[in-house]
Amino acid sequence: MTNKYLPHCLLLILTLFLAGCASFSPPPPASTPWDTREKTVAELQHWNLHGKIAMRTATESGSVTIKWQEHHPYYTIWLYGPMGTPSAILRNQPGKTTLETSSGQHFSAANAAALLHQQTGWNIPVASLFYWVRGLPVPNTPYQAGFDRYHRLARLTQQNWEIQFLHYTNFPHIELPDLITLTKGSTRIKLFVYRWGI
């Protein structure tokens, strides 16, 4: 092949590559009415996610890797510190939550958020996050909401928390948030979901 044909060949290869990338791009989310979307997502009771939680308060900041396995009403949440070091395991069953620390100590309480705060200092609304992480308001609780053009939750005010849903992952027939911020007073939590399992 002579050098004069090389630019044309490279252009053809680049065009085919870009066309291939475009063919594998995820489809745009469906513009589903909110009532239908809410019902579909609420039916998702068994799922898991891997991600990261970053928290900042008036006095401190930090982050942990999170693995959440949900088989409602049972769940297990693993929290990992730097370099993947296990930090805490939170297990819930109806009426009881237990927390296992990295040193092997076990604590229990009826309220997961209170137990987590007591043992780690982190103020994470675990019970409400079960709904918010899926892009849903907590049922039977007053809220104010704003929606994007696909009728997905974009903003939510509930239980004195301000929640923003900044990005969604598209699945067949459903979309789930993968970037959420929660703000309450001086506390700001950012949740990145690296991978959903549904």
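Readers should treat all values here as calculations from the given coordinates under stated rules, not as data from a laboratory. Treat the numbers as computed from the prediction; the structure is a model and nothing was measured. Virtual Cβ from ideal backbone geometry, glycine too; neighbours counted across all protein chains shown.
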Show me, for region 91-108, the HN-Hα J-couplings you get by feeding each phi into the Karplus relation (A = 6.51, B = -1.76, C = 1.60, θ = phi - 60°), rounded to Hz, glycine and proline as x. 10, 10, 9, x, x, 8, 10, 10, 10, 10, 8, 5, 8, x, 6, 10, 9, 9
Taking the Cβ of A88 as the centre, find all other residues whose Cβ is under 13 Å away and add up their charges (Lys, Arg: +1; Asp, Glu: -1). +1
Between the alpha-carbon centers of region 124-198 and region 25-103, tell me the distance in whole angstrom. 11
Can you tally the net charge around D148? Count Lys and Arg as +1, Asp and Glu as -1, for every other residue whose Cβ sits under 15 Å from the Cβ of D148. +1
Tell me, I163, I180 in order of fewest to most beta-carbon neighbours within 10 Å? I180, I163
